[in-house]
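To start, the structure under review is shown below, and the notes come after it.
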Amino acid sequence: MFAGARLWVDHYAKMRLQAQHEVLRRFQPRLLADMLAATPAFLERPVQQDAAVVFVDLGGFTTLSEKLGPAETHGFLEEFESLVDEEATRQGGCVLAFMGDGAMIVFGLPAPKQNDASRAVEAVLRLYSALRAWLDRRPPGAGREVGVRIGAHYGPVVISRLGPSAHQHITATGDTVNVASRLLEIAKQHNATIAISDDCLIAAGKPSSCAEFQSHRAEVRGRARPVVVWLDECVPAT
């Protein structure tokens, strides 16, 4: 009887841990959820490392959401976020944050790899194609008119847990993150859809898939030093 009871208790504990792990996966990228489940102390101390940071944003979403209403907008965002997560995960990236019609993806978690930058560049190109194809399939007035912009930068970041002890989240911070975010503005200023920093392309080995991109020396809002950015569909600054 004792052995049977012990087996039941062990089975119950195992099932409970598995359920907790599945819940964790719903609120964290799979790579991070698995790491946290196996190593609860993961990132208790901040870690400085190099990483590729990608931001994606939809243009014209505010107008679209007003037209669609809350329920249809929710469904639209569900499809958008699922597609972003699928493409990012396929290339080994982690979506650390969804921000309405945007997302922040980091390549270098749970540990940095030598090909983080090249995987980020591949993810940018695939993600743009997938998002554009998805939007083009939508009916007129239901998202087809929405634009897509993606920016990618590579450099030093701090990966850490942020927030109070009762409500923490894993994120990346530093100048690299800020520049990656600002690249979306630079892309918009030059009528481009993709903006990849020179640092990211150099780290990626200058892939041939970006051979048609044009370089441009750009000022970054709030930053003293300019950056060299490679843009698709680049229109010379006036």
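Values for this structure:
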quantity: Sole exception among (1) under 26 Å from Leu36 (Cβ atoms); (2) among the acidic types (Asp, Glu); (3) open to solvent by 40 Å² or more (accessible area, probe 1.4 Å) for Asp57, by number; calculated: (1)
quantity: Looking only at segment 162-174, and only at residues there that are open to solvent by 50 Å² or more (accessible area, probe 1.4 Å), outside any strand (DSSP E or B) and of a type outside the set (Ser, Thr, Tyr), the one that is nearest to Pro110 (Cα to Cα); calculated: Gln168
quantity: Test for Glu122: is it charged (D, E, K, R) and in contact with a Lys or Arg (Cβ under 7 Å, 6 or more places away or on another chain); calculated: no
quantity: Neighbours by Cβ (under 9 Å, 6+ apart or cross-chain): first from segment 98-118, part of a loop (DSSP other than H, G, I, E, B); second among the polar types (S, T, N, Q); calculated: Gly100/Ser65; Asp101/Thr62; Asp101/Ser65; Gly108/Gln49; Pro110/Thr39; Ala111/Gln49; Pro112/Gln49
quantity: Lone qualifier among Gly155, Gly93, Gly108, Gly102 - being touching a Ser or Thr at 6+ places or on another chain (Cβ under 7 Å) and open to solvent by less than 10 Å² (accessible area, probe 1.4 Å); calculated: Gly155
quantity: Enumeration of residues in segment 202-224 that are among the polar types (S, T, N, Q), in contact (Cβ under 8 Å) with a residue 40 or more places away in the chain and touching a strand residue (DSSP E or B) at 6+ places or on another chain (Cβ under 9 Å); calculated: none
quantity: Matching residues, segment 62-82, being open to solvent by less than 30 Å² (accessible area, probe 1.4 Å) and within 19 Å of the chain's Cα centre (by Cα); calculated: Phe76, Phe80
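Here's the yes/no breakdown for (1) among the β-branched types (Val, Ile, Thr); (2) assigned to a helix (DSSP H, G or I); (3) closer than 24 Å to Leu83 by Cα; (4) without any contact (Cβ under 8 Å) to a residue 60 or more places away in the chain:
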residue: Leu135; (1), (2), (3), (4): no, yes, yes, yes
residue: Gly143; (1), (2), (3), (4): no, no, yes, no
residue: Ser160; (1), (2), (3), (4): no, no, no, no
residue: Thr176; (1), (2), (3), (4): yes, yes, no, no
residue: Leu183; (1), (2), (3), (4): no, yes, yes, no
residue: Ala187; (1), (2), (3), (4): no, yes, yes, yes
residue: Ala195; (1), (2), (3), (4): no, no, yes, yes
residue: Cys200; (1), (2), (3), (4): no, yes, yes, no
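One line per residue, one yes/no per condition, for (1) in a helix (DSSP H, G or I); (2) hydrophobic (A, V, I, L, M, F, W, C); (3) modelled with pLDDT of 75 or more; (4) loosely packed, with under 10 Cβ neighbours inside 10 Å:
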| residue | (1), (2), (3), (4) |
| --- | --- |
| Ala13 | yes, yes, no, no |
| Gln18 | yes, no, no, no |
| Glu22 | yes, no, no, no |
| Pro40 | no, no, yes, yes |
| Arg45 | no, no, yes, yes |
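The values are calculated or read from the model by the stated rules, or taken from the named source; none is laboratory data. Predicted model only: the values in this text are computed from it and were never measured. For neighbour counting, all protein chains shown are included, and Cβ atoms are generated from backbone atoms with ideal geometry for every residue, glycine included. Just so you know, the surface numbers come from the protein's heavy atoms only, side chains and all, with ligands and any DNA or RNA stripped out. Shrake-Rupley method; radii C 1.70, N 1.55, O 1.52, S 1.80 Å.
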